[in-house]
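Presented below is the structure to which this report refers.
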Amino acid sequence: MGEIMKKDQFILGIETSCDETAMAIVKNGVEVVANVVASQIESHKRFGGVVPEIASRHHVEQITIVLEETFEKANMSVEDMDAIAVTEGPGLVGALLIGVNSAKALAFAKNKPLVGVHHIAGHIYANRLNKEFSFPLLALVVSGGHTELIVMREHGSFEIIGETRDDAAGEAYDKVARTLQLPYPGGPHIDRLAKVGEANIDFPRAWLEDDSYDFSFSGLKSAVINTLHNAEQRGVTLKKEDVAASFQASVVEVLTAKTYKAAKEYGVKQVIVAGGVAANQGLRNELQLKFNDEIELLIPPLDLCTDNAAMIAAAGSIAYDQGHRAGWDLNANPSLDLEKYSLRGTL
Amino acid sequence: MEKFEFTSCTTEETKRLAKKLSLLLKPGDVITLAGDLGAGKTTFTKGIGAGLGVTRTINSPTFTIVKEYMGELPLYHMDVYRLENSDEDIGFEEYFNGNGITVIEWAIFIKDFLPEHRLDIDIRRKDENTRIITFFPKGEAFEKICEELVG
């Protein structure tokens, strides 16, 4: 067999768009060599959310430590990298800048190609570290800042067919958790309580128009807050577990039903779940039940659901293969548009 | 201090009012929106966005604090709720002195950073659908805008 040996490709990924300072090395776009995440969740707990300036200060403190640890774990050096991929947006500008400038400094010093990555493209590509994609595929992206349904017909192409019109699913989780006086981040706590509670409160489901794949969680959030306030005024104590279970039932039902309907309509071969809320056990169970063996369902392992840099390196690998290169003028773009980002790759 | 009141009976009416307001604004203008959860702050912002020619969906900026949209003028939509108990400056001056329109929810948490001249708007829920929208212009230019809008 005259097989040509292809040289292995190594991409360094850098992610600092929000809470986490993360770096990772991924081989050939599909294999994690090293994956290091320093989280700031401890310091944000005090504030019940992300505070931008604190976020950037922590990233500055962490980034060189994370860099050293990543290369140590991989037993490699920057010289071994084919390219450096970094999240350029969306996110908090002060936080993004730390990653972008570190990437530029490394790339410039070691004369390596630089690749900008869209954070959500990264979340989707976290799944490719698990299993090869088959197109067309549908991605449900659910996190603190996003709730989107995205169709991909080929690598690097993203079409948003539905998105939230108000709050993101993860944001609704955080706000409801705050009302229930649960610690930040609220999602895992609600998930845990929901498991033992009973969904006995009938909270609304926002289906919107028949043909719409958009989401709305603001009404649900208000309904939960009103229910809690009314109970308090009447001197009734609602079980936190039941409120959590009822709230989660509404979110999960809408997410699952819309994803299923879209998967059917677009005739996709795979359904991918991405983003921090993909770690939610209630959602994972319901999606598995609904899709059964009908359409292949990919849910990343827990450590790849939340923000990490392996996903940025994985998405960066495809962008690199497609000839995507960023210049030295690469800048943090807090409102980077996914569809425009995907078009850029094909130019 | 002068104030202007408007009663809106539907979300459509609120959006129309916000759209009309947006056409009277100029680059660098700052608007604050106060009101409880569900009062219609996001609805009002969607109306401003529509008036500025923003075509993307305007949704909650709570998580990222600021969302930027490109219309005929840029729209900076901020929710500074997460900055409660923090005196951090996330570069407000650059937004306020920039070439876009800034809309701020929960502005009370950053009151030390707010420009002197601005338009404060309070949205109050009267019943299920009715909202009392009160404008508190700070500065002559905004008074004129309010007179034209509601007067």
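Using DSSP, restrict attention to beta bridges with both residues in segment B:4-150 and report what percent are antiparallel, rounded to the nearest 5. Of those bridges, close to 60 percent are antiparallel. Once the Cα atoms are used to define both axes, helix A:240-265 deviates from the longest principal axis of chain A by about 60 degrees.
As an equivalent ellipsoid, segment A:161-241 spans semi-axes of 24, 15, 12 angstrom, where each value is the square root of five times an eigenvalue of the C-alpha gyration tensor, largest first. Only helices enter the 222 nm calculation for the protein assembly as shown: every DSSP H run of n ≥ 4 contributes -39,500 (n - 2.57), and dividing by all residues gives -11500 deg cm²/dmol, rounded to 500.
Eigenvalues of the alpha-carbon gyration tensor of segment B:4-150, scaled by 5 and square-rooted, set the equivalent ellipsoid semi-axes at 21, 17, 16 angstrom, largest first. Taking Cα atoms only, the orientation of helix A:186-196 departs from the longest principal axis of chain A by about 50 degrees.
How about segment A:113-155: which trypsin sites (Lys or Arg not before Pro) there lie in a loop by DSSP and see at most 14 other Cβ atoms within 10 Å? Passing both the DSSP loop test and the Cβ count: A:Lys131, A:Arg153. Excluding ligands, DNA and RNA, the accessible surface per residue across chain B is 48 Å² with a 1.4 Å probe. Centre-to-centre, using Cα atoms only, segment A:53-78 and segment A:202-279 are separated by 37 Å.
Out of segment A:72-179, which GluC sites (Glu not before Pro) are coil in DSSP terms and have no more than 10 other C-beta atoms within 10 Å? Sparse-neighbourhood loop GluC sites (Glu not before Pro): A:Glu132.
Counting Cβ atoms of other protein chains within 10 Å of each Cβ in B:63-73 and taking the mean gives 5. Positive contributions from Lys and Arg (+1) and negative ones from Asp and Glu (-1), summed over other residues with Cβ under 9 Å from the Cβ of A:Ala83, come out at +1. For segment B:86-146, the list of trypsin sites (Lys or Arg not before Pro) that fall in a loop by DSSP and count at most 14 other C-beta atoms within 10 angstrom reads B:Lys126. In degrees from 0 to 90, rounded to the nearest 10, what is the angle of the helix A:310-321 Cα long axis to the longest principal axis of chain A? Taking the Cα atoms of chain A, the angle to A:310-321 is about 50 degrees.
Calculate the translational D of the protein assembly as shown in whole µm² s⁻¹ from Stokes-Einstein, where the hydrodynamic radius comes from the Kirkwood formula applied to all Cα pairs, the temperature is 25 °C and the viscosity 0.890 mPa s.
On the way: Rh = 23.6 Å.
D, rounded to a whole number, is 104 µm²/s.
Positive contributions from Lys and Arg (+1) and negative ones from Asp and Glu (-1), summed over other residues with Cβ under 13 Å from the Cβ of A:Lys264, come out at +2.
So what's the net charge close to A:Ile299: Lys and Arg +1, Asp and Glu -1, counting the other residues with Cβ under 12 Å from its Cβ? Charge balance in the 12 Å sphere: 0. Accessible area per residue for segment A:256-346, computed on protein heavy atoms with a 1.4 Å probe, is 42 Å². Put simply, chains B and A cover up around 2200 Å² of each other's accessible surface, both sides summed, when a 1.4 Å probe is used.
Report the charge-dipole magnitude of chain A in Debye, nearest 20, computed about the Cα centre from +1 at each Lys and Arg Cβ and -1 at each Asp and Glu Cβ.
Values: 32 positive and 47 negative charges, 53 e Å.
Taking the Cα centre of chain A as origin, the dipole is about 260 debye.
For segment A:206-288, the direction-averaged projected area of the alpha-carbon convex hull comes to 6.4 nm². Considering only B:Val54, A:Ala105, B:Leu75, the residue lying farthest towards the positive end of the dipole of the protein assembly as shown is B:Val54, judged by Cα position with unit charges set on Cβ.
The values are calculated or read from the model by the stated rules, or taken from the named source; none is laboratory data. Just so it is clear, the model here is predicted, and its values are computed rather than measured. Cβ sites come from the backbone with ideal geometry, for glycine too, and all protein chains shown count toward neighbours. Ligands, DNA and RNA are stripped out before the accessible areas are found, and what is left, the full protein with its side chains, is counted by its heavy atoms. Shrake-Rupley method; radii C 1.70, N 1.55, O 1.52, S 1.80 Å.
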